[in-house]
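**Student:** Starting off with a structure, shown below.
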Amino acid sequence: MDLQDKLQALLKENQKKIEETKELDDLDKIRVNLLGKKGPITQVLRGMRDLDATERPKVGAFANSIRDELNAALDEQRETLRRERVARKLAKETVDVTMPGTPVRLGTPHILQQIIDDLSDFFLGMGYQIVDSYEVEQDHYNFEMLNIPADHPARDMQDTFYLNKELLMRTQTSAAQSRTLEKHDFSKGPLKMISPGRVYRRDTDDATHSHQFHQMEGLVIDKNITMADLKGTLLAMAQHVFGADREIRLRPSYFPFTEPSVEVDVSCFRCGGKGCSVCKYSGWIEVLGAGMVHPNVLTYAGVDADVYGGFAFGLGPDRFAMLKYGVDDIRSFYTDDVRFLEQFHKEG
Ligand code: FA5
């Protein structure tokens, strides 16, 4: 067999092999074996040394055309295999839009937010407006305007984080009182507001204290508001949150911005007032501070204290949630353990 026949046979045999190759990797191997330095074409071309000088260019040109044909066959098969591979991948990744989806686990509002939302709904229903106030507050509104001057001992119980001499993290939502009073136009009607939000104190964290917690302020100012209005409002609120059979009692207390001031207890919802571990066997649970707004607070805010008066209260949603759901550590609300929070899943 002369060289040309050998090359022709090589082409035939390999064209078939290339067409039958199913994997791109195998195709690469064939290319290297066939056209590489040690491949059969190179071997055949080495044989050209023995040819006549006149024959060499002819055989050389023929060898090149064979190599080109083999390259073309390789390229074509590569393209075919690549297309097949893409088609296979696409077929595998086809999305069946009729399949049911993977259910997404829905979250739920934080239990403290649920308590705040529920109380807000309750007070909205009684005609209160909801006021959002500053967490970074001026000493002026957090203390001075509430009848707590710089040297007042009541400040000791509410030490906080100071940003500078005048700015602090508010210690009580009562700071929202004067800001709202200053702006309120009494010719348009009474002021009835609640103001929920975070407050901060330099308290040491323990089971019942947190350095940041929530409060909800309530303030009602009009003509002829009496303590009976305060008591009626808080009784309705306590029955809404803790159950229709609840009673409340007021005990004398002291806040610089209310006079008289009271602590409000709710009859124990666990034992109904007989005495149990929840109410420490007293039948009552302390839930908030309140009182009739001190005339100084009204005067400082530019409201005529001889004409207007009213009541204020400040409650702690964290403590409400602890009591209502028997949570024994306030820190559970802030450590974001989903296993704890999921217990308060709210449907819808
Ligand atoms: C006040 O902060 C008054 N501003 C409340 C008030 C408003 C009285 C309007 C009169 C008129 P007190 O410091 O007691 O009061 O806090 C009120 C409530 O906040 C407490 O009953 C309690 O529920 C909650 N609280 C106080 N300190 C903490 C704390 N470290 N961690 C969690 N809750 C707290």
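The values are calculated or read from the model by the stated rules, or taken from the named source; none is laboratory data. Just so it is clear, the model here is predicted, and its values are computed rather than measured. Cβ sites come from the backbone with ideal geometry, for glycine too, and all protein chains shown count toward neighbours. With ligands, DNA and RNA removed, areas are computed over all heavy atoms of the protein, side chains included. Shrake-Rupley method; radii C 1.70, N 1.55, O 1.52, S 1.80 Å.
**Student:** State which residue is farthest from the ligand (Cβ to nearest atom) when the search covers only the range 273-309 and only residues that are aliphatic (A, V, I, L, M), open to solvent by less than 20 Å² (accessible area, probe 1.4 Å) and part of a loop (DSSP other than H, G, I, E, B).
**Tutor:** VAL303
**Student:** Exactly one of these conditions fails for ARG202: (1) among the basic types (Lys, Arg); (2) in contact with a strand residue (DSSP E or B) (Cβ under 9 Å, 6 or more places away or on another chain); (3) in contact (Cβ under 8 Å) with a residue 24 or more places away in the chain. Give me its number.
**Tutor:** Unmet for ARG202, out of (1) among the basic types (Lys, Arg); (2) in contact with a strand residue (DSSP E or B) (Cβ under 9 Å, 6 or more places away or on another chain); (3) in contact (Cβ under 8 Å) with a residue 24 or more places away in the chain: (2).
Each row is one residue, and each column tells you yes or no for (1) away from the ligand (no atom under 11 Å from the Cβ); (2) within 30 Å of GLN138 (Cβ to Cβ); (3) open to solvent by 60 Å² or more (accessible area, probe 1.4 Å); (4) not small (Gly, Ala, Ser).
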{"position": "TYR200", "(1), (2), (3), (4)": "no, yes, no, yes"}
{"position": "THR208", "(1), (2), (3), (4)": "no, yes, yes, yes"}
{"position": "HIS214", "(1), (2), (3), (4)": "no, yes, no, yes"}
{"position": "LEU219", "(1), (2), (3), (4)": "no, yes, no, yes"}
{"position": "ALA228", "(1), (2), (3), (4)": "yes, no, yes, no"}
{"position": "LYS231", "(1), (2), (3), (4)": "yes, no, yes, yes"}
{"position": "HIS240", "(1), (2), (3), (4)": "yes, no, yes, yes"}
{"position": "ASP245", "(1), (2), (3), (4)": "yes, no, yes, yes"}
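**Student:** In the range 315-348, what residues are open to solvent by 90 Å² or more (accessible area, probe 1.4 Å) and under 27 Å from MET193 (Cβ atoms)?
**Tutor:** First, the residues of the range 315-348 that are open to solvent by 90 Å² or more (accessible area, probe 1.4 Å): 319, 325, 328, 331, 335-336, 339, 343, 346-348.
Correct list: ARG319, LYS346.
**Student:** Also, quick follow-up: Would you be able to say whether some residue in the range 84-95 is in contact (Cβ under 8 Å) with a residue 24 or more places away in the chain and either open to solvent by 50 Å² or more (accessible area, probe 1.4 Å) or more than 30 Å from GLN4 (Cα to Cα) (or both)? Explain how you work it out, then say what you get.
**Tutor:** Our first condition is that a residue be in contact (Cβ under 8 Å) with a residue 24 or more places away in the chain; within the range 84-95, this holds for 85.
If we keep only those that are either open to solvent by 50 Å² or more (accessible area, probe 1.4 Å) or more than 30 Å from GLN4 (Cα to Cα) (or both) too, we end up with 85.
Yes, the range 84-95 has at least one match.
**Student:** Does GLN114 qualify as being within 14 Å of the ligand (Cβ to nearest atom) and touching a residue at least 40 places away in the same chain (Cβ under 8 Å)? Write out each step before concluding.
**Tutor:** On the way: within 14 Å of the ligand (Cβ to nearest atom): no; touching a residue at least 40 places away in the same chain (Cβ under 8 Å): yes.
So GLN114 does not fit the description; no.
**Student:** A further question on this structure: Check off (1) open to solvent by less than 30 Å² (accessible area, probe 1.4 Å); (2) closer than 23 Å to ASP306 by Cα; (3) assigned to a loop (DSSP other than H, G, I, E, B) for ASN224 and give me the number that stays unchecked.
**Tutor:** That leaves (1) as the condition not met.
**Student:** What number of residues within the range 107-143 are in contact with a His (Cβ under 9 Å, 6 or more places away or on another chain), β-branched (Val, Ile, Thr) and modelled with pLDDT of 95 or more?
**Tutor:** Of the residues in the range 107-143, 2 are in contact with a His (Cβ under 9 Å, 6 or more places away or on another chain), β-branched (Val, Ile, Thr) and modelled with pLDDT of 95 or more.
**Student:** Specify the residue that is nearest to THR208 (Cα to Cα); the eligible residues are those in the range 303-348 that are charged (D, E, K, R) and in contact (Cβ under 8 Å) with a residue 24 or more places away in the chain.
**Tutor:** Initial filter on the range 303-348 (charged (D, E, K, R)): 304, 306, 318-319, 324, 328-329, 331, 336-337, 339, 342, 346-347.
When the remaining residues are screened for being in contact (Cβ under 8 Å) with a residue 24 or more places away in the chain, the result is 318-319, 324, 328-329, 331, 342, 346.
Numbers: ASP318: 9, ARG319: 8, LYS324: 14, ASP328: 8, ASP329: 6, ARG331: 8, GLU342: 21, LYS346: 25 Å.
If we take residues in the range 303-348 being charged (D, E, K, R) and in contact (Cβ under 8 Å) with a residue 24 or more places away in the chain, then ASP329 is nearest to THR208 (Cα to Cα).
**Student:** Across the range 333-344, what is the total count of residues that are more than 11 Å from ILE111 (Cα to Cα) and more than 14 Å from the chain's Cα centre (by Cα)?
**Tutor:** Counting residues in the range 333-344 that are more than 11 Å from ILE111 (Cα to Cα) and more than 14 Å from the chain's Cα centre (by Cα) gives 1.
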